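Q: I'd like to ask you about the structure that follows.
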Amino acid sequence: MATSYTDMTCDVVIAGCGVAGLYAALNLPETANIIMLSKGRLDECDSMLAQGGMCVLPEGADYDAFFEDTLRAGHYENRRESVDIMIRSSRSVVNDLVALGADFNREEDGGLAFTREGAHSRPRIVFQADVTGKEITETLLAAVRRLPNVTILEHVAVIDLLAEEASGGDEEQPEGGCGLVCRGVRAVPVSAEASVATIEELRGETDAAQPARPEGVGEPFEIRAANTLLATGGIGGVYQHSTNFPQLTGDACFLASEYGIEQEHLDYVQIHPTGLYSDKPGRTFLISESCRGEGAILLNHAGERFTDELQPRDVVARAIQDEMRDEGVEHEWLSFEQVDREAARTHFANIRAHCLEEGRDILCEPIPVVPTQHYFMGGVWVDRDSATTMPHLYAAGETACNGVHGRNRLASNSLLESLVFARRAAWKMATGTSLEVEAAGEPALDGVHRLLPGQVGRRLNIDVALDA
């Protein structure tokens, strides 16, 4: 039986407990009453699954190359302002994570180690073995749990927005506005089994032949909030084969469609080249792009290499699909023969362990791989501060489209993009202003948290009204 809740009121409600939602909470004022919602368990977010790492600008001189790599991977359909903001903000975000306790791999001299992935012109990715997303998410979650002003509700799903007619003032509609203002969300408690349902299913709005609602859905309740952040993740849960958790059913996009909130590039869905092929049902296990960055090569069934593995993901995925079609097979092969043995044991320890469970050892034989749905580049349109076209409603993470990725995401830009624009959302909610962007190459990558303008201590300390 799902837990019951009564109606609530807070300053900020955040739907989603991945890196975007967590980092936003950490950057909001300590005077703000924050409620966070997790549709499934707290570890059932795609942030936990990111293997390869997170991009960072290693030095100012790499700015142009990093910018060009991102645009080239995105087929030059990226929003250039957003790419610039992400790159120039990367160093302070990495410092913040290290200051919070995130443990990234280091060189012998103690400096951050960088790895390279497909479509990157040089190594610029910080990582923790092949579980970087888990390391970052757990670090942020531990920090949020220490905040007395944050309440986390697990197994609670958003099923609607609380929207009112705009009445002027700071609620003046932006260009493309829908004429409404967000005042919070309507949510329902859900069991583990019901957490994979779509909003329509949770509301009981599916075909008449189906049950009114899935079993394990509690009574709806309202959370009224001055500001709302949607960080509900992507759309993989609606695909038959995906690397995503099944709870990610495009909920923010569904709500945006209902309320006329602007969306962008809903057809821009990334297929990752290398999911571990299996005839078992369920989520596809991702074989990180960093494997190819460290020397793993793709082979067909004749043992022949058939493509350049370090091209952008969509190009490599298409090459694998073409080769499968030509050979009439259901997968191709990824060989670790050219990867340093120690790197394969340590950098890819989690991947090796999972493959061993499937009866294959990456140190001894190639593994079967197949392209699989992985990432959503489109979503709810947001501006440079993660604001949607409905006042007081923000979106961040995979569910938002700020234009960083264009038509195809550059490897390991997603964690960085989520964190950068979640922090910007928090700043805009707290101050009503747009956060200044650091100069390229600043600050030093030394793991020291530096205060943003107006900050005192780790978190914002701006005593402003959030219920404007």
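The values are calculated or read from the model by the stated rules, or taken from the named source; none is laboratory data. Bear in mind the structure is a predicted one, so any value in this text is a computation, not a measurement. Ideal geometry is used to build each Cβ from the backbone, glycine not excepted, and the neighbour counts take in all protein chains shown. Ligands, DNA and RNA are excluded from the accessible area calculation, which covers all protein heavy atoms including side chains. Shrake-Rupley method; radii C 1.70, N 1.55, O 1.52, S 1.80 Å.
Q: Just to be sure I understand, how many residues within segment 5-31 are assigned to a loop (DSSP other than H, G, I, E, B) and surrounded by fewer than 23 Cβ atoms within 10 Å (Cβ to Cβ)? Show your work before the answer.
A: Within segment 5-31, the first condition is being assigned to a loop (DSSP other than H, G, I, E, B), and the residues that meet it are 5-7, 16-18, 28-31.
Narrowing further to those that are surrounded by fewer than 23 Cβ atoms within 10 Å (Cβ to Cβ): 5-7, 29-31.
Residues that pass the stated criteria total 6.
Q: Note down all Cβ pairs under 6 Å where the first residue falls in segment 397-408 and is under 15 Å from V83 (Cβ atoms), the second is hydrophobic (A, V, I, L, M, F, W, C) and surrounded by fewer than 24 Cβ atoms within 10 Å (Cβ to Cβ), and they're at least six residues apart or on different chains.
A: Within 6 Å, the pairs are C401/W381.
Q: Quick check: is even one residue across segment 298-317 farther than 27 Å from H405 by Cα, of a type in the set (A, V, I, L, M) and out of contact with any His (no Cβ under 6 Å at 6 or more places or on another chain)?
A: Yes; the residues of segment 298-317 include at least one that is farther than 27 Å from H405 by Cα, of a type in the set (A, V, I, L, M) and out of contact with any His (no Cβ under 6 Å at 6 or more places or on another chain).
Q: Would you confirm whether or not segment 426-438 contains a residue that is touching a strand residue (DSSP E or B) at 6+ places or on another chain (Cβ under 9 Å), modelled with pLDDT under 95 and farther than 18 Å from Y23 by Cβ?
A: No, the conditions are met nowhere in segment 426-438.
Q: So which residues in segment 216-234 are in contact with a helix residue (DSSP H, G or I) (Cβ under 7 Å, 6 or more places away or on another chain) and farther than 26 Å from W427 by Cα?
A: Step one: of segment 216-234, the residues in contact with a helix residue (DSSP H, G or I) (Cβ under 7 Å, 6 or more places away or on another chain) are 216-217, 227, 229-234.
The answer is G216, V217.
Q: Working carefully through the options R305, R325, R352, find the one that is modelled with pLDDT of 95 or more and more than 16 Å from V370 (Cα to Cα).
A: Working: R305 fails: more than 16 Å from V370 (Cα to Cα); R325 fails: more than 16 Å from V370 (Cα to Cα).
Residue meeting the stated conditions: R352.
Q: When L42 is evaluated against the numbered criteria (1) in a helix (DSSP H, G or I); (2) open to solvent by 10 Å² or more (accessible area, probe 1.4 Å), which criterion, by number, is the only one it fails?
A: Of everything listed in (1) in a helix (DSSP H, G or I); (2) open to solvent by 10 Å² or more (accessible area, probe 1.4 Å), L42 misses just condition (1).
Q: Answer yes if at least one residue in segment 223-232 is outside any loop (DSSP other than H, G, I, E, B), modelled with pLDDT under 95 and of a type in the set (A, V, I, L, M), and no otherwise. Show your work before the answer.
A: Keep residues of segment 223-232 that are outside any loop (DSSP other than H, G, I, E, B), which gives 223-230.
Narrowing the set further to residues that are modelled with pLDDT under 95 leaves none.
Checked segment 223-232: no residue is outside any loop (DSSP other than H, G, I, E, B), modelled with pLDDT under 95 and of a type in the set (A, V, I, L, M).
Q: How about segment 92-133: which of its residues are charged (D, E, K, R), touching a strand residue (DSSP E or B) at 6+ places or on another chain (Cβ under 9 Å) and more than 11 Å from G293 (Cα to Cα)? Let's see the steps before the verdict.
A: To start, the set of residues in segment 92-133 that are charged (D, E, K, R) comprises 96, 103, 106-109, 116-117, 122, 124, 130.
With touching a strand residue (DSSP E or B) at 6+ places or on another chain (Cβ under 9 Å) added as a condition, the list becomes 106, 116-117, 124.
Hits for segment 92-133 are R106, R124.
Q: Report yes if some residue within segment 322-342 is of a type in the set (K, R) and either crowded, with 20+ Cβ neighbours inside 10 Å or part of a helix (DSSP H, G or I) (or both); otherwise report no.
A: Of all residues in segment 322-342, those of a type in the set (K, R) come to 325, 341.
Cutting the leftovers down to either crowded, with 20+ Cβ neighbours inside 10 Å or part of a helix (DSSP H, G or I) (or both) gives us 325, 341.
Yes: segment 322-342 contains one or more residues that are of a type in the set (K, R) and either crowded, with 20+ Cβ neighbours inside 10 Å or part of a helix (DSSP H, G or I) (or both).
Q: Restricting segment 105-134 to residues that are modelled with pLDDT under 95 and aliphatic (A, V, I, L, M), which is nearest to L445 (Cα to Cα)?
A: If we take residues in segment 105-134 being modelled with pLDDT under 95 and aliphatic (A, V, I, L, M), then A129 is nearest to L445 (Cα to Cα).
Q: Can you list the strands (runs of 3 or more DSSP E) found entirely within segment 88-201 that contain at least 1 residues being among the hydroxyl-bearing types (S, T, Y) and surrounded by fewer than 22 Cβ atoms within 10 Å (Cβ to Cβ)? I'd like the intermediate steps shown before the answer.
A: Details: elements: 150-154, 156-165, 180-189.
Result: 150-154.
Q: Of the conditions (1) modelled with pLDDT under 95; (2) over 21 Å from the mean Cα position of the chain (by Cα), A411 clears all except one; give me its number.
A: Condition (2) is where A411 drops out.
This table checks each residue for (1) within 21 Å of H241 (Cα to Cα); (2) open to solvent by 10 Å² or more (accessible area, probe 1.4 Å); (3) in contact with a Gly (Cβ under 8 Å, 6 or more places away or on another chain).
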residue	(1), (2), (3)
F348	no, no, no
E358	yes, yes, no
L363	no, yes, no
A387	no, yes, no
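Q: Counting residues that are closer than 27 Å to V315 by Cα and of a type in the set (A, V, I, L, M), which strands (runs of 3 or more DSSP E) fully inside segment 345-421 reach at least 1?
A: Values: elements: 367-376, 379-381, 393-395.
Passing ranges, in order: 367-376, 379-381.
Q: Could you please find all residues in segment 261-293 being open to solvent by 10 Å² or more (accessible area, probe 1.4 Å) and closer than 16 Å to G74 by Cα?
A: Hits for segment 261-293 are E264, H265, L266, D267, Y268, V269, I271.
Q: Among the listed residues R283, R313, R292, identify the single one that is touching a Phe, Trp or Tyr at 6+ places or on another chain (Cβ under 8 Å), at pLDDT below 95 and within 18 Å of P371 (Cα to Cα). Outline the logic, then answer.
A: On the way: R313 fails: touching a Phe, Trp or Tyr at 6+ places or on another chain (Cβ under 8 Å); R292 fails: touching a Phe, Trp or Tyr at 6+ places or on another chain (Cβ under 8 Å).
It is R283.
Q: If the requirement is being modelled with pLDDT of 95 or more and touching a helix residue (DSSP H, G or I) at 6+ places or on another chain (Cβ under 7 Å), which of these qualifies: T137, T206? Explain how you work it out, then say what you get.
A: Working: T206 fails: modelled with pLDDT of 95 or more.
Exactly one residue qualifies, and that residue is T137.
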